[in-house]
Amino acid sequence: MKKKVLASVMASTMALSALCGMTAMAEDYNIVLVTIDSMDQHWVNMDKGCQKAAEELGVNYKWLAPDVKDDAKQIECINNAVAGGCDALLLAANGPDAVTAALEEADAAGVKIVQVDSFFNFPSVQKLGTDNKAAGQMAGEQLLAAFEEKGITEGTIGIVSTNTATVSTLDREEGFHAAFEGTDFEILETQYCDGDAARSKDAATNFIAQGVVGLFGANEGSCVGVGNAVAEDGNQILAVGMDKSDAVLQLIKDGALVCTMAQNPDVMGYEGIQSAVKALNGEEVTPDYVNTGVSVLNAEALAEMEAE
């Protein structure tokens, strides 16, 4: 009887030790988020989602990002994360291929890679982000509805975006174009300003001078620039955008923007950390792609939100 009791105690002790060992190992996980830049509130919100998940799971977490959109600076962030001993990397890439060599080194070091928001051409544990083509088309449809309300049936439209390499914004452009197929509207050549609000405002001002009837800002900085240009022109042009920030929401309230397509970067970050930890624990991570969705935020929606 004593032997059975002793055996049972030893088994329980071993099980507890194993559990404690697993917990200690989880606490030793180092997970790093690398984003396109650090200036957009979009990335700040993603960081908040990551922080929340990291705290819940008890893992070490850090956010690294260049101050501006730049391939070399983003690659440096990736290399620093790997050199610093990260176990998993959440990455929103500035371009689909520029980071490949850095990711090959990360993969060789055993780092688990998760794609968030802006995807790239390299194997990963999972992709989490917006269906950007659908979001861009939704933005176009919102602008079309605003045109119809104003009785505008034709004219030129300008797009202000980031660059010719970022997959997410290129997809938004494609979706936006699709919304105007078969209409009498003409979409002019996109102006790329790296998401810089000041440069985006200048580009939008030039579009307005050309006589456009509408504008689309394809990311947060572009959207702010477009909205500021429209406001300076007396809100004569109808404009829509992508992403949510305090500046964007104020421009909607002031009538400079019809609406914005609000993503869920906090969800991308939160779920991205969850997936990274599952992968590090050897668990299956499914599905391969998670669409984190968008919401249309216009003046009416904002008023309802504030009334709640």
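The values are calculated or read from the model by the stated rules, or taken from the named source; none is laboratory data. Computed from a prediction, not measured in an experiment: that's the story for all the values here. Note: ideal-geometry Cβ built from the backbone for every residue, glycine included; neighbour counts use all protein chains shown.
Of V116, V160, V111, all but one fail to be crowded, with 24+ Cβ neighbours inside 10 Å and assigned by TED's automatic domain parsing to the domain that holds N94; the exception is V116. Selection within segment 226-247: residues that are part of a loop (DSSP other than H, G, I, E, B), within 19 Å of the chain's Cα centre (by Cα) and not basic (K, R). The member of this set that is nearest to G136 (Cα to Cα) is D243.
Annotation: of all residues in segment 80-126 being within 18 Å of K69 (Cβ to Cβ) and among the acidic types (D, E), the one that is nearest to the chain's Cα centre (by Cα) is D117. Within segment 164-182, residues that are within 21 Å of V99 (Cβ to Cβ) reach partners that are surrounded by fewer than 20 Cβ atoms within 10 Å (Cβ to Cβ) and of a type outside the set (G, A, S) with beta carbons closer than 6 Å, at six or more positions or on different chains, in the pairs V167/P96; D171/K133. Considered as a group, the residues in segment 129-157 that are of a type in the set (A, V, I, L, M, F, W, C) and in contact with a helix residue (DSSP H, G or I) (Cβ under 7 Å, 6 or more places away or on another chain) include one that is surrounded by the most Cβ atoms within 10 Å (Cβ to Cβ), and that residue is A139. Need pairs with beta-carbon distance below 6 Å; first residue over 10 Å from A262 (Cβ atoms) and within segment 288-308, second assigned to a helix (DSSP H, G or I) and among the aliphatic types (A, V, I, L, M); sequence gap 6+ or separate chains. Close Cβ pairs (under 6 Å, with a partner that is assigned to a helix (DSSP H, G or I) and among the aliphatic types (A, V, I, L, M)) amount to T292/V267; T292/M268; A299/I252.
Let's see how each residue does on (1) buried (at least 22 other Cβ atoms within 10 Å of the Cβ); (2) in contact with a helix residue (DSSP H, G or I) (Cβ under 8 Å, 6 or more places away or on another chain); (3) of a type in the set (V, I, T); (4) not assigned by TED's automatic domain parsing to the domain that holds T162:
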position: L33; (1), (2), (3), (4): yes, yes, no, yes
position: D47; (1), (2), (3), (4): no, yes, no, yes
position: C50; (1), (2), (3), (4): yes, yes, no, yes
position: A54; (1), (2), (3), (4): yes, yes, no, yes
position: D97; (1), (2), (3), (4): no, no, no, yes
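For segment 271-308, filtering for residues that are more than 30 Å from N235 (Cβ to Cβ) and either crowded, with 22+ Cβ neighbours inside 10 Å or not hydroxyl-bearing (S, T, Y) (or both) leaves 19.
Can you tell me which residues in segment 121-149 are assigned to a loop (DSSP other than H, G, I, E, B) and farther than 20 Å from C50 by Cα? Passing the criteria: N121, F122, P123, D131. Taking the conditions (1) in the same structural domain as A178 (by TED's automatic domain parsing); (2) touching a residue at least 24 places away in the same chain (Cβ under 8 Å) in turn, G234 satisfies each one other than (2).
Of the residues making up segment 183-199, those that are assigned to a strand (DSSP E or B) and either in contact (Cβ under 8 Å) with a residue 60 or more places away in the chain or over 17 Å from G241 (Cα atoms) (or both) are D184, F185, E186.
Right, D107: of a type outside the set (V, I, T), in contact with a strand residue (DSSP E or B) (Cβ under 8 Å, 6 or more places away or on another chain) and modelled with pLDDT under 95 or not? Spelling it out, it is not the case that D107 is of a type outside the set (V, I, T), in contact with a strand residue (DSSP E or B) (Cβ under 8 Å, 6 or more places away or on another chain) and modelled with pLDDT under 95.
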